[in-house]
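Colleague: I am attaching a structure below and will ask some questions about it afterwards.
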Amino acid sequence: MRGERGWGNTMSDIDEDIAVNDVVVEIVVVLGASTLRLNQILQLGRGAVVELESGPNDQVEVFANDILIAKGEVVITGGDVLGVAVTEVLKSVYTN
């Protein structure tokens, strides 16, 4: 029943929706990783190439605020802009 026990559209419900919509979430997509020694990092210059421990057909990992949430594939969108097509959404550690 609407309007009883928190099921209505009260002003507090609207405020909560606005607060949730304003939360900033950092999305990071990891293409791969590499381990370098400090002296190797110091020698990096403009145009240097760092080889990753993954191949061009491997899936990328999508993190939201440092939590792995999905896996996907790199795609090229309009022009030369890169994007990620999500292929698998991972079950949250916060849900049952």
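The values are calculated or read from the model by the stated rules, or taken from the named source; none is laboratory data. In this text the structure is predicted, and so the values were computed from the model without any measurement. A quick note on method: Cβ atoms are made from the backbone with ideal geometry, for glycine too, and the neighbour counts reach across all protein chains shown.
Colleague: Give me a count of the residues in region 55-65 that are free of Cβ contacts under 8 Å to residues at least 24 places away in the same chain and in contact with a strand residue (DSSP E or B) (Cβ under 9 Å, 6 or more places away or on another chain). Step through it out loud before you land on a result.
Modeller: Taking region 55-65 and keeping what is free of Cβ contacts under 8 Å to residues at least 24 places away in the same chain, we get 55-57.
Restricting the remaining residues to those that are in contact with a strand residue (DSSP E or B) (Cβ under 9 Å, 6 or more places away or on another chain) gives 56-57.
So the count comes out to 2.
Colleague: Residue under question is L82, and the condition is that it be of a type in the set (A, V, I, L, M, F, W, C) and either touching a strand residue (DSSP E or B) at 6+ places or on another chain (Cβ under 7 Å) or in contact (Cβ under 8 Å) with a residue 24 or more places away in the chain (or both); does it hold?
Modeller: Numbers: of a type in the set (A, V, I, L, M, F, W, C): yes; either touching a strand residue (DSSP E or B) at 6+ places or on another chain (Cβ under 7 Å) or in contact (Cβ under 8 Å) with a residue 24 or more places away in the chain (or both): yes.
Against the criterion (of a type in the set (A, V, I, L, M, F, W, C) and either touching a strand residue (DSSP E or B) at 6+ places or on another chain (Cβ under 7 Å) or in contact (Cβ under 8 Å) with a residue 24 or more places away in the chain (or both)), L82 qualifies.
Colleague: Would a scan of region 36-54 turn up a residue that is in contact (Cβ under 8 Å) with a residue 12 or more places away in the chain, touching an Asp or Glu at 6+ places or on another chain (Cβ under 8 Å) and on the phi < 0 side of the Ramachandran plot? Even if it seems obvious, please write down each step before you answer.
Modeller: Residues of region 36-54 in contact (Cβ under 8 Å) with a residue 12 or more places away in the chain: 36, 50-54.
Checking which are touching an Asp or Glu at 6+ places or on another chain (Cβ under 8 Å) leaves us with none.
No, that holds for no residue.
Colleague: Continuing with this model, one more query. Which is of a type in the set (A, V, I, L, M, F, W, C), out of contact with any Phe, Trp or Tyr (no Cβ under 9 Å at 6 or more places or on another chain) and at pLDDT below 90, of V20, V60?
Modeller: Values: V60 fails: at pLDDT below 90.
Every option except V20 fails the conditions.
Colleague: Scan region 46-71 for residues that are within 10 Å of L31 (Cα to Cα) and in a strand (DSSP E or B) and jot them down.
Modeller: From region 46-71, those within 10 Å of L31 (Cα to Cα) are 52-56, 58-62; that's our starting set.
Hits for region 46-71 are V60, E61, V62.
Colleague: Look through V30, V50 and report the one residue that is in contact with a Phe, Trp or Tyr (Cβ under 9 Å, 6 or more places away or on another chain) and modelled with pLDDT of 80 or more. Step through it out loud before you land on a result.
Modeller: Details: V50 fails: in contact with a Phe, Trp or Tyr (Cβ under 9 Å, 6 or more places away or on another chain).
That would be V30, the only listed residue that is in contact with a Phe, Trp or Tyr (Cβ under 9 Å, 6 or more places away or on another chain) and modelled with pLDDT of 80 or more.
Colleague: Follow-up. Being surrounded by 10 or more Cβ atoms within 10 Å (Cβ to Cβ) and at pLDDT 90 or above is the requirement here; does L38 meet it?
Modeller: Working: surrounded by 10 or more Cβ atoms within 10 Å (Cβ to Cβ): no; at pLDDT 90 or above: yes.
Taking the combined requirement at face value, the residue does not satisfy it.
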